[in-house]
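Comments concern the structure below.
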Amino acid sequence: MFDLTLIVLARALHVMSGVAWAGATFMLASVIVPLMLRHADEGAGRWLGLAARRAGMVSAGAALLTIASGIYLFVALHPHDDSLNGHVLKIGASAALLSLAVAFLVSRPAGRKLGQLQMSAVAGESRSAQVEQERARLRRRMAISTRIAAALLGLSILAMATFRYAGAFS
Ligand code: HEM
């Protein structure tokens, strides 16, 4: 079950999907959402919303592949790893899982609600002060949550990149 070919394939899949997950999340947090905050009212909201949706889908698919291959690698190679290396690896995995939870439970619902409000605005429905306030609140929520999700992924990448050598410093 844990033969070398499978482990090599899982590692390749893990690193590739991890790069796609983190790349899409960093793009959301550092480019798409800040532009949305600044330029949504100038008519860019609809297009940036579409870009955010696509980046969110890429990020979610890649996250699932990263986690599935990561769990396999954990069970195959580090089942009872109580060393410092193992702890650093667990911190990295937990940070990535927490990042997914933040994205799924906070950013995604805020983005969906924002999309619905955007559609009603395009359809010419009322843009009362209350609706505008709600849109601003949702945009802020998206900005903060995508930054937190990206920071957690940054921590995960640092841990994954260094865990193998952590023991050398103890
Ligand atoms: C964006 C998130 C992630 C990225 C970019 C990432 C990246 C990496 C990289 C580059 C390695 C190779 C490190 C080395 O061999 O020195 C690695 C190893 C590993 N990762 Fe991740 N990872 C991520 C998330 C996760 C998650 C969520 C889990 C578990 C649920 C996980 C479990 C593992 C395990 C067990 C290894 C060790 C494999 C081995 O010993 O050969 N990773 N990861």
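Bear in mind these aren't lab numbers, they're just calculated from the coordinates by the rules spelled out. In this text the structure is predicted, and so the values were computed from the model without any measurement. Positions of Cβ are backbone-derived with ideal geometry, glycine not excepted, and every protein chain shown enters the neighbour counts.
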* Given a Förster distance of 22 angstrom, what is the FRET efficiency for Ile71 paired with Tyr165, based on the Cβ-Cβ distance and rounded to 0.05? -> 0.45
* Be a star and scan the stretch 94-108 for residues whose amide nitrogen sits under 16 Å from the point 7 Å along the Cα-to-Cβ vector of Asp81. => 94-97
* Asked: Within the chain, which DSSP H helices have Cα atoms that stretch 24 Å or more along the helix axis and a mean Kyte-Doolittle hydropathy of at least -0.5?
  -> 4-27, 45-77, 84-102, 129-162
* For the stretch 78-83, Karplus couplings with θ = phi - 60° (6.51, -1.76, 1.60), whole Hz, Gly/Pro x -> 9, x, 10, 7, 9, 7
* Where N is the number of residues in the stretch 4-169, Cα Rg divided by 2.2 N^0.38 Å -> 1.23
* Asked: Relative to the present Cα-Cα distance, how much length would full extension add between Met57 and Glu42 at 0.36 nm per residue of separation?
  -> 2.9 nm
* Structure fact -> Here FRET efficiency (C-beta to C-beta, Leu98 to Phe2, R₀ 25 Å, nearest 0.05) is 0.35
